Amino acid sequence: MSSCVVSLHCLEDREDLVINSPRSGLSLQGRVKIPGDKSISHRALMLGAIAQGETIIQGLLLGEDPRSTAACFRQMGASISELNTQEVRVTGIGLGNLQEPPDVLNAGNSGTTIRLMMGLLASHPDRFFTVTGDSSLRSRPMSRVIKPLQQMGASIWARNGGLAPLAIRGQALKSIHYHSPIASAQVKSCILLAGLNTEGATTVTEPALSRDHSERMFKAFGANLTTDPETLSVTITGGNRLYGQTVIVPGDISSSAFWLVAGAIVPDSEIIVENVGINPTRTGILDALQMMGADITLENPREVAGEPVADIRVRHGKLQSCEIGGDLIPRLIDEIPILAVAAVFAEGTTIIKDAAELRVKESDRLAVMATQLGKMGAKIVEHPDGLEITGGAHLSGAEVESCHDHRITMSLAIAALNATGTTTIHGAEAAAISYPDFVSTLQSLAQ
Ligand code: S3P
């Protein structure tokens, strides 16, 4: 077995990740512990902050995004202990009690922080809030949450009609039934959080089911919430207090996806990824990889604090192309960059469609994956709502750009394992948004 040389080079606040894969003989072996789920980590911090009493969070993701959420809620009066994976203690300030912060709230790179928080801010009468983020977040559409909140009576001002920085004057809102044009858990959760603080029943109906972590956690904290799976609707009745809980955060399936694809494409590999959250609204990646013929097995399935969890074993094998679109997209929305890498090493042409949402993520993920994998020799045609990837091309190491996007960084690193020569990923510090230990885990697997 040959090893692969993986090294990080720091240049002021930027990092280059250099991957030099041997011509042959690399195999990835081992067990991997992945970091806590990003979506659940945000929600545990937020619900903990607005509940009565103490919330204990075990397994919190220590990435940059949850740190942004914690910083914002501390500024509004919640007491949150130093972040660590063992145990974070959040002393909530109770429903409707967020304080007006003395300064601008900064959501950093995190769409979940800004959009979910907006629902709470808009529903705190007579308090004034300003919210911003980094340059990526300041270019992402906020009108998808501003519009429904305005229908509820919110006062919100935005740059260019829908971009952060945003200013919010909290109001007593009125309940609505919102038919969301997009399947977005951020939109759904924003409205539910606004509804929590609003008299009457607020309902959100989605065109396809998005991740349901908010619904599960709301119920666990004591909110009055019902779901109707037939109509894809969720209703929250406002005014119910939330009570602090113990939240055990499962490993993030989105972070596990890098190792699932790595194990599937690198010859002779076998990896077990431990403690992965397998909530059915998130397991589209498993369905897609199984469609491609990947050798994946779920072991030791169990339920931890209201979320299903399993260990996942992946072995290398031949992959074939597949078609990904429709209702599957919201179930694997964050995994499309790494699925594109799997498709590069599959036989035949993979079609990814109905995925225009990827253009408004941390980067334009369709354009960036087509361009950066293209530099390595991949054959990818970009479409307005997806990608057409012809598998089987030989990849060569190249200089590529993360475009400040964590999932792009990690996807390119996995592609580099199967490329000949040296790949340098500029801006690799972005991985710390959701996976601070990504490089050290890669180094240990590729030994
Ligand atoms: C998230 C929802 C998804 C996802 C994002 C996290 C969440 O975004 O892409 O990484 O925690 O609610 P959309 O709701 O915009 O689809």
Practice prompt. Looking only at segment 171-187, count how many residues are of a type outside the set (Ser, Thr, Tyr), in a loop (DSSP other than H, G, I, E, B) and either without any contact (Cβ under 8 Å) to a residue 12 or more places away in the chain or closer than 23 Å to Ser39 by Cβ (or both).
Written response: 3
Discussion item. Val360 - would you say it is within 16 Å of the ligand (Cβ to nearest atom), open to solvent by 10 Å² or more (accessible area, probe 1.4 Å) and not charged (D, E, K, R)?
Written reply: yes
Practice prompt. Scan segment 307-315 and give yes if some residue there is small (Gly, Ala, Ser) and either within 16 Å of the ligand (Cβ to nearest atom) or part of a loop (DSSP other than H, G, I, E, B) (or both), otherwise no.
Written response: no
Practice prompt. Evaluate the following for Arg282: is it crowded, with 22+ Cβ neighbours inside 10 Å and not in a helix (DSSP H, G or I)?
Written response: yes
Worksheet item: Which fully enclosed strands (runs of 3 or more DSSP E) of segment 35-150 have 1 or more residues being within 16 Å of the ligand (Cβ to nearest atom)?
Response: 54-58
Worksheet, complete the sentence: Of the residues in segment 158-170, those that are open to solvent by 90 Å² or more (accessible area, probe 1.4 Å) and either in a loop (DSSP other than H, G, I, E, B) or closer than 23 Å to Ile182 by Cβ (or both) come to Arg159, Asn160
Worksheet item: Would it be correct to say that Ala70 is under 15 Å from Leu116 (Cα atoms), out of contact with any Phe, Trp or Tyr (no Cβ under 9 Å at 6 or more places or on another chain) and surrounded by 17 or more Cβ atoms within 10 Å (Cβ to Cβ)?
Response: yes
Discussion item. Suppose we filter segment 140-171 for residues that are under 19 Å from Ser184 (Cβ atoms) and of a type in the set (D, E, K, R); how many remain?
Written reply: 3
Worksheet item: Do you know which of the residues in segment 188-210 that are open to solvent by less than 20 Å² (accessible area, probe 1.4 Å) and assigned to a loop (DSSP other than H, G, I, E, B) is farthest from the ligand (Cβ to nearest atom)?
Response: Thr198
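The values are calculated or read from the model by the stated rules, or taken from the named source; none is laboratory data. Keep in mind it's a predicted model, so treat the numbers as computed, not measured. Neighbour counts run over all protein chains shown; Cβ positions are idealised from the backbone, glycine included. Areas reflect the complete protein model, heavy atoms only, side chains present, ligands, DNA and RNA absent. Shrake-Rupley method; radii C 1.70, N 1.55, O 1.52, S 1.80 Å.
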